[in-house]
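For reference, the structure is listed below as structure tokens.
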Amino acid sequence: MPKLSPDNHLSGSVMPAWLGYSPWQTPYDVLEAARNSVQGIERPPLDSLAADIGTEVEGVILEHGMRMLGLDETEIATHSHKEAKKHPLMELYYSDDGLYSHPEPVEFETDASKNIFVMTESGKLFVDCPMVLEAKFTTIHRRSDDPPLY
């Protein structure tokens, strides 16, 4: 399935790479794709077994992640991927791999022993609103040729 969000903006699909958590793409790759998009250079078609498998097993990834977090995976509202949506306050696009509304506020906390990483300075995140779920099956692999992140 093709990427739905514009390449010249950040999206849920490229966020793990932008943050340095993708073994398949570096933050520089994300920046280069955005620059190419602005210059009118089209991205080559994606022919990736890993991406195809990830798309096919999104539901399994989301359900497993919810169980890891102690949340009820049967309450995931899944949406079809027909168009990208723009965040109302930020230049961030996403397509809903899933939506989840917890009946009460919940706090997430980094727990490396469970491979749960919250990307905030405190390692904690308090959520009291509906959550957009992005299915990613990624691990951290820093490559020797990664450019500096500035």
Take segment 19-55 and flag every residue that is over 29 Å from THR120 (Cβ atoms), in a helix (DSSP H, G or I) and of a type in the set (A, V, I, L, M, F, W, C).
VAL38, LEU49, ILE53
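Does PRO16 count as modelled with pLDDT under 90, assigned to a helix (DSSP H, G or I) and not aromatic (Phe, Trp, Tyr)? Reasoning before the result, please.
Numbers: modelled with pLDDT under 90: yes; assigned to a helix (DSSP H, G or I): yes; not aromatic (Phe, Trp, Tyr): yes.
Against the criterion (modelled with pLDDT under 90, assigned to a helix (DSSP H, G or I) and not aromatic (Phe, Trp, Tyr)), PRO16 qualifies.
Would you confirm whether or not segment 62-80 contains a residue that is assigned to a loop (DSSP other than H, G, I, E, B), within 23 Å of SER22 (Cα to Cα), among the hydrophobic types (A, V, I, L, M, F, W, C) and in contact with a Phe, Trp or Tyr (Cβ under 6 Å, 6 or more places away or on another chain)? Before you say what the answer is, go through the steps one by one.
First, the residues of segment 62-80 that are assigned to a loop (DSSP other than H, G, I, E, B): 69-72, 76, 78-80.
Of the ones still in play, those that are also within 23 Å of SER22 (Cα to Cα) are 69.
Applying the additional criterion that residues be among the hydrophobic types (A, V, I, L, M, F, W, C) yields 69.
Going one step further and asking which of them are in contact with a Phe, Trp or Tyr (Cβ under 6 Å, 6 or more places away or on another chain), we end up with none.
No; the residues of segment 62-80 include none that is assigned to a loop (DSSP other than H, G, I, E, B), within 23 Å of SER22 (Cα to Cα), among the hydrophobic types (A, V, I, L, M, F, W, C) and in contact with a Phe, Trp or Tyr (Cβ under 6 Å, 6 or more places away or on another chain).
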Looking at segment 20-30, which of the residues that are of a type outside the set (Asp, Glu) and at pLDDT 85 or above is farthest from the chain's Cα centre (by Cα)?
TYR28
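Which one is modelled with the highest pLDDT, of the residues in segment 47-63 that are among the aliphatic types (A, V, I, L, M) and farther than 10 Å from ALA135 by Cα? Explain how you work it out, then say what you get.
Of all residues in segment 47-63, those among the aliphatic types (A, V, I, L, M) come to 49-51, 53, 57, 60-62.
Narrowing further to those that are farther than 10 Å from ALA135 by Cα: 49-51, 53.
Details: LEU49: 74, ALA50: 69, ALA51: 70, ILE53: 77.
Step by step, filter segment 47-63, then rank; the result is ILE53.
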Please give the number of the condition PRO45 fails out of (1) touching a residue at least 40 places away in the same chain (Cβ under 8 Å); (2) surrounded by 14 or more Cβ atoms within 10 Å (Cβ to Cβ).
(2)
Can you spot a residue in segment 73-96 that is farther than 20 Å from GLY12 by Cα, in contact with a strand residue (DSSP E or B) (Cβ under 8 Å, 6 or more places away or on another chain) and at pLDDT 80 or above?
yes
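Within segment 84-139, which residues are in a helix (DSSP H, G or I) and among the aliphatic types (A, V, I, L, M)? Show your work before the answer.
Within segment 84-139, the first condition is being in a helix (DSSP H, G or I), and the residues that meet it are 112-114.
Across segment 84-139, the qualifying residue is only ALA112.
Just to be sure, is TRP24 in contact (Cβ under 8 Å) with a residue 12 or more places away in the chain, more than 30 Å from GLU104 (Cα to Cα) and touching a strand residue (DSSP E or B) at 6+ places or on another chain (Cβ under 7 Å)? Talk me through it step by step, then tell me what you get.
Numbers: in contact (Cβ under 8 Å) with a residue 12 or more places away in the chain: yes; more than 30 Å from GLU104 (Cα to Cα): yes; touching a strand residue (DSSP E or B) at 6+ places or on another chain (Cβ under 7 Å): no.
The answer is no for TRP24.
Anything in segment 93-115 that is among the aliphatic types (A, V, I, L, M) and within 17 Å of LEU133 (Cα to Cα)? List them, or say none.
Initially, segment 93-115 is screened for residues among the aliphatic types (A, V, I, L, M), giving 99, 106, 112.
Of everything in segment 93-115, those that are among the aliphatic types (A, V, I, L, M) and within 17 Å of LEU133 (Cα to Cα) turn out to be LEU99, VAL106.
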In segment 110-150, the residues that are surrounded by fewer than 12 Cβ atoms within 10 Å (Cβ to Cβ), polar (S, T, N, Q) and at pLDDT below 80:
ASN115, THR139, SER144
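The values are calculated or read from the model by the stated rules, or taken from the named source; none is laboratory data. Note that the coordinates shown come from a computational prediction; the quantities given were computed from them, not determined experimentally. Virtual Cβ from ideal backbone geometry, glycine too; neighbours counted across all protein chains shown.
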